[in-house]
Structure formats: structure tokens, C-alpha cells
Amino acid sequence: MPKFAANLTMLFTERPFLDRFEAAAKAGFTAVEFLFPYAFETAEIRRRLDANGLQLVLHNLPAGDWDAGERGIACHPGREAEFRDGVMRAIDVATALGTPRLNCLVGKAPAGVDAATQRRTLVDNLRFAAAELNKAGLKLLVEPINRFDIPGFWLQRTDDAVALLDEVAAANAYVQYDIYHAQRTEGEIAATLSQHLARIDHIQLADNPGRHEPGTGELNWAFLFRHIDGLGYAGHIGCEYKPLTTTEAGLGWRQRFCQ
């Protein structure tokens with residue numbers, strides 16, 4: 001049976017963020033993830049993790065002005081210093097929280113910048129991030145995201161992410177594979193996992209359409225979970241979905257599909 005991590009940005013949103021740790025533990029989760037820790041005191045997040053026996057498996061690097069619609073700045077020339085300051089801040093927080101991996105949202109393609117410059121900027125920034133994370137014993141992830149949800153996002157396909165990481169050439173850099181985004185962009189979930197599992201360090205899930213919990217859409221979750229187990233994936237699967245009603249009401253999928 002796969003191991004699941006509750007994404008506290010998406011789940012238990014009926015409660016304030018810091019109260020979601022206890023809710024996740026009470027719901028049977030032993031691991032959590034979330035987008036960003038930076039608006040909260042690191043020591044308080046650590047206290048909530050420890051008090052509830054939770055492992056933090058993932059959070060993101062700073063991603064620019066989120067409220068203004070930015071979804072990462074790694075491919076934006078002229079903002080390299082901001083990106084690199086964010087990397088160092090993320091390392092400090094991850095070290096304090098015991099987070100083993102950090103995800104880089106590469107961002108939307110900047111207007112008026114040629115494709116070669118965007119790619120060169122991104123590769124240089126990822127090489128910097130990977131090197132600094134490696135010094136701290138951390139892994140760097142990049143995540144393809146579908147352009148229906150985030151129009152203009154620079155990276156949207158698994159094979160493109162693998163090619164990008166080949167160019168970065170860092171041993172601690174991997175793909176974050178989100179089943180929901182992959183289903184919307186390319187499908188072929190089982191075949192892609194089989195082909196690229198060695199390059200994937202973290203998996204996330206949501207059903208499609210709607211980005212709700214497993215069992216609300218078109219995907220065959222019992223088959224996929226058996227397939228993932230059969231491939232020998234030993235990491236967590238992040239539950240990054242929008243509950244159809246309340247979080248607790250929708251959690252029955254774990255028993256339904258993981259027997």
C-alpha cells in the first residue's frame with residue numbers, strides 16, 4: 001500500500017493552517033507536505049510537526065509574488081538574485097524542519113523574452129539550486145504543470161522535465177510527478193511511471209476532472225496504486241487535491257482503493 005502525505009495547503013482548509021497538522025494526524029496521516037512555509041514561524045511549524053508525530057516530506061522554494069499570479073521565477077532573466085536568495089532561505093527552513101526535498105516551480109514563460117534565454121536562465125538557476133541543496137543533503141525537484149490550470153507555465157510534460165534535468169546534470173535533481181497535471185497534459189500515467197520512475201522522487205495525486213479526491217473522476221486508482229507498488233516506489237504520495245465537500249468526508253478513498 002502506498003504511503004500518503006496530506007497536503008496541508010489543499011486539505012483541512014476548514015481550519016487555520018497551523019491547526020491542520022493535528023487534523024492530519026487525527027485522520028491517520030503520518031506525513032504532510034505544503035506549498036510554502038515562509039509566512040509562518042519556522043519554530044512553530046516544527047512544534048506542530050513534533051507534537052503530532054508528523055514527517056514533513058516536501059515544500060516549495062519561494063515562487064515570486066504568488067498573490068499577484070506568479071508561479072515561480074526560475075525562468076525569468078533579471079531575477080536571478082531574487083531566485084537565489086529564495087533558495088538559501090528555503091534551505092534554512094528545510095534544514096530546521098527536516099524537509100528532505102524542495103520543489104522548484106519554474107514559472108510562467110516571461111513575455112518578450114526569447115525561448116533560448118528563458119531556458120538558459122532556468123538551467124543556470126537550477127544548477128545553482130541543486131548545488132546549494134546538495135551541500136545541505138537535500139534533493140531538488142521540478143514539477144510539470146498543465147497549462148489549463150496555469151496558462152503559460154514553462155514546463156508541462158514529463159519528458160521535457162527529464163530532458164531539462166539531463167541538461168542541468170545534477171545527481172540530486174529529480175522530477176515531481178503530479179498525476180493530476182500529467183493526466184490533463186499527456187495521460188499514459190502507468191506507462192510514464194514505468195518509464196521514468198528512476199527520475200521521479202515524489203508523486204502527487206488528484207482525480208480529473210475537478211482536482212478532487214480519488215474516486216470522483218476518471219482515473220482507475222486501485223489499478224494505479226497497485227502499479228505504483230509493483231514498480232517499487234518507496235516514497236510518499238502527496239494528496240494535493242481539493243476535497244469535493246469536507247476533507248474528512250472524502251477520506252474513504254484510502255480504504256476503498258488500497259485494500
- In region 230-241, which residues are open to solvent by 10 Å² or more (accessible area, probe 1.4 Å) and either in a loop (DSSP other than H, G, I, E, B) or in contact (Cβ under 8 Å) with a residue 60 or more places away in the chain (or both)? Gly232, Tyr233, Ala234, Gly235, His236, Glu240
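So that you can scan it fast, the table gives a plain yes or no per residue for (1) without any contact (Cβ under 8 Å) to a residue 40 or more places away in the chain; (2) part of a helix (DSSP H, G or I); (3) surrounded by 16 or more Cβ atoms within 10 Å (Cβ to Cβ); (4) of a type in the set (Phe, Trp, Tyr):
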site: Glu213; (1), (2), (3), (4): no, no, yes, no
site: Leu224; (1), (2), (3), (4): no, yes, yes, no
site: Ile228; (1), (2), (3), (4): no, yes, yes, no
site: Thr245; (1), (2), (3), (4): yes, no, no, no
site: Gln255; (1), (2), (3), (4): yes, yes, no, no
site: Gln259; (1), (2), (3), (4): yes, no, no, no
- Can you work out which of the residues in region 109-125 that are of a type in the set (A, V, I, L, M) and within 21 Å of the chain's Cα centre (by Cα) is most open to solvent (accessible area, probe 1.4 Å)? Ala109
- Query: For region 102-114, does any single residue satisfy the condition of being modelled with pLDDT of 95 or more, in a helix (DSSP H, G or I), acidic (Asp, Glu) and over 29 Å from Gln183 (Cβ atoms)?
  - Reply: no
- Evaluation of Leu164 against (1) buried (at least 19 other Cβ atoms within 10 Å of the Cβ); (2) over 20 Å from the mean Cα position of the chain (by Cα) (one fails), failing number: (2)
- Task: Scan region 75-100 for residues that are touching a residue at least 60 places away in the same chain (Cβ under 8 Å) and buried (at least 21 other Cβ atoms within 10 Å of the Cβ) and jot them down.
- Result: Cys75
- Just for region 162-181: of the residues that are assigned to a helix (DSSP H, G or I) and in contact with a Lys or Arg (Cβ under 6 Å, 6 or more places away or on another chain), which one is farthest from Val106 (Cα to Cα)? Tyr180
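The values are calculated or read from the model by the stated rules, or taken from the named source; none is laboratory data. These numbers come from a predicted model, not from an experiment. As a convention, Cβ positions derive from the backbone with ideal geometry for all residues, glycine included, and neighbour counts pool all protein chains shown. Ligands, DNA and RNA are stripped out before the accessible areas are found, and what is left, the full protein with its side chains, is counted by its heavy atoms. Shrake-Rupley method; radii C 1.70, N 1.55, O 1.52, S 1.80 Å.
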